[in-house]
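To start, the structure under review is shown below, and the notes come after it.
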Amino acid sequence: MHRPLVTLLGDRLTPDEYFADHAENFWRTDDSGCWKLERQQHFVESGDTSWDAFTAGDWPKALRLLEERRQKVADYEKRIARHGFEVRRVRVVEEPISPYLLWELNSLHIRRQVGGKIRVVDGAAAADLEREEVLPELFILGRKVIYQVLYTENGELEGARKSEDPGLIHHWTATVRRLYDDGEDLRTFFAREVAGRRLSPTC
């Protein structure tokens with residue numbers, strides 16, 4: 001049975017408007033921190049050199065390019081820490097793991113190694129929250145703002161919805177926190193399910 005996606009009330013932003021608004025607000029996040037929920041199992045990362053290598057079928061190059069950005073990711077995580085807050089990410093993973101997610105989990109693994117706070121939730125564990133609607137892609141910046149990031153059916157970014165409603169922010173922060181608390185640290189999940197796997201974009 002097809003279930004519709006949760007749709008938050010808020011201002012609709014184009015991709016450029018979303019990037020600009022997020023950049024303006026992110027570094028002003030209070031000490032309650034940020035929460036990120038990733039639910040969709042496939043995205044299109046146009047313009048990412050590692051993703052481009054992956055989609056071209058060159059898995060070793062895709063991994064090498066991810067590794068080459070390790071220091072940049074580490075510097076970013078250190079900058080977040082200096083600003084006095086954390087970003088906690090929940091990644092829902094369904095079985096069988098999609099090719100996109102195997103690529104993304106390798107990227108997230110590097111982020112986890114340099115200080116990122118990332119946990120994995122099995123698709124079944126989110127089922128009680130998705131009886132009628134599928135969970136949205138969310139980025140919550142402290143107590144100030146929440147974005148629902150929007151994608152096309154084939155996984156391309158098409159913008160976001162933004163809200164500053166305290167009740168909405170509180171509700172979704174509690175929901176994502178619950179998933180995070182129940183999730184598995186990416187370190188152990190990656191070692192068990194992902195490490196060493198070679199793949200192609202059509203596997």
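The values are calculated or read from the model by the stated rules, or taken from the named source; none is laboratory data. The model shown is predicted, which means the values in this text are computed figures rather than measured ones. Please note: Cβ atoms are built from the backbone with ideal geometry, for glycine as well, and neighbour counts cover all protein chains shown. Heads up: the accessible areas ignore ligands, DNA and RNA and are worked out on the full protein's heavy atoms, side chains in. Shrake-Rupley method; radii C 1.70, N 1.55, O 1.52, S 1.80 Å.
Relative contact order of the range 75-197: what whole-number percent is it, with Cα pairs under 8 angstrom and at least 6 residues apart? Working shown, then result.
On the way: 128 pairs, mean separation 34.0, N = 123.
After rounding, I find 28 percent.
Beyond a 21 Å Cα-Cα separation, which of these cross-linked pairs lie in this structure: K36/K162; K72/K162; K117/K162; K36/K117?
On the way: K36/K162 14 Å; K72/K162 28 Å; K117/K162 24 Å; K36/K117 10 Å.
Beyond 21 Å: K72/K162; K117/K162.
Using C-alpha positions alone, give me the convex hull volume of the range 140-202 per residue in cubic angstrom. Before the final figure, lay out each step's value.
On the way: hull volume 8.1 nm³, N = 63.
So the per-residue Cα hull volume is 128 Å³.
Expressed as a rounded percentage, what relative contact order does the range 1-146 have, with Cα pairs under 8 Å and six or more residues apart?
On the way: 177 pairs, mean separation 59.1, N = 146.
Computed value for the range 1-146: 40 percent relative contact order.
Rounded to two decimals, what is Rg over Rh for the range 1-50 when you use alpha-carbon atoms and the Kirkwood radius? Spell out each step's value before the answer.
Working: Rg = 14.6 Å, Rh = 14.4 Å.
Radius of gyration relative to Kirkwood radius: 1.01.
Which value, in debye to the nearest 20, gives the size of the charge dipole of the range 1-150 about its Cα centre, when Lys and Arg are +1 and Asp and Glu are -1 at the Cβ?
The calculated dipole for the range 1-150 is roughly 640 debye.
Under 14 Å Cα to Cα from K61, which aspartates and glutamates show up? Leave out anything in the same chain fewer than 8 places away.
Candidates past the 8-residue exclusion: D48, D52.
Please list, or write none, the aspartates and glutamates whose alpha carbon is within less than 18 Å of the alpha carbon of K78, excluding same-chain residues fewer than 8 places away.
D30, D31, E67, E68, E86
Restricting the calculation to Cα positions, tell me the Rg (one decimal) and the Dmax (whole number) of the range 78-144 in Å.
When restricted to Cα atoms, the range 78-144 yields Rg and Dmax of 14.1, 41 Å.
First select every other residue whose beta carbon is under 15 angstrom from the beta carbon of E133; then total the charges, Lys and Arg +1, Asp and Glu -1. Walk me through the intermediate numbers first.
Values: positive: R3, R39, R131, R161; negative: D128, E130, E132, E137.
After counting each charged neighbour, the total is 0.
Classify the range 100-180 as rounded, prolate or oblate from the Cα gyration tensor: take a ≥ b ≥ c as the square roots of its eigenvalues, call it rounded if a/c is under 1.5, otherwise prolate when a/b beats b/c and oblate if not. Don't skip to the answer; put the middle values down first.
On the way: a/c = 1.34, a/b = 1.29, b/c = 1.05.
Rounded is the answer for the range 100-180, as its axis ratio a/c remains below 1.5.
Top to bottom by accessible area (1.4 Å), largest first, where do D21, D181, D16 land?
Working: D21 30, D181 95, D16 120 Å².
The ranking, largest first, comes out as D16, D181, D21.
When the chain is treated as a GNM, springs tying every alpha-carbon pair under 10 Å, which of G159, G47, G57 comes out with the largest mean-square fluctuation?
G47
Can you give the accessible area of W103, probe radius 1.4 Å, in Å² rounded to 10?
For W103, the solvent-accessible surface is approximately 10 Å².
In the range 123-203, what GluC sites (Glu not before Pro) fall in a loop by DSSP, with at most 11 other Cβ atoms inside 10 Å? Provide the component values of the computation, followed by the final result.
On the way: sites: E130, E132, E133, E137, E153, E156, E158, E164, E184, E193; in loops: E130, E132, E133, E153, E156, E164.
Counting only loop positions with at most 11 other Cβ atoms within 10 Å, the GluC sites (Glu not before Pro) in the range 123-203 are E132, E153.
Could you rank R143, R161 by how accessible they are, 1.4 Å probe, largest area first? Write out the running numbers ahead of the final one.
Values: R143 155, R161 65 Å².
Result of the area sort, largest leading: R143, R161.
Need one value: the accessible area of K61 in square angstrom, 1.4 angstrom probe, rounded to the nearest 10.
Only protein atoms counted, so the area is about 80 Å².
Taking the Cα centre of the range 53-99 as the origin and placing charges on Cβ (Lys, Arg +1; Asp, Glu -1), which of L66, V93, H83 is farthest toward the positive end of the dipole?
H83
Roughly how big is the range 1-89's charge dipole about its Cα centre, with Cβ charges of +1 (Lys, Arg) and -1 (Asp, Glu), in debye to the nearest 20?
Numbers: 15 positive and 17 negative charges, 72 e Å.
For the range 1-89, the charge dipole is close to 340 debye.
Determine Rg/Rh for the chain; Rg is computed over alpha-carbon atoms and Rh is the Kirkwood hydrodynamic estimate from the same atoms.
On the way: Rg = 16.6 Å, Rh = 17.7 Å.
Ratio of gyration radius to Kirkwood radius: 0.94.
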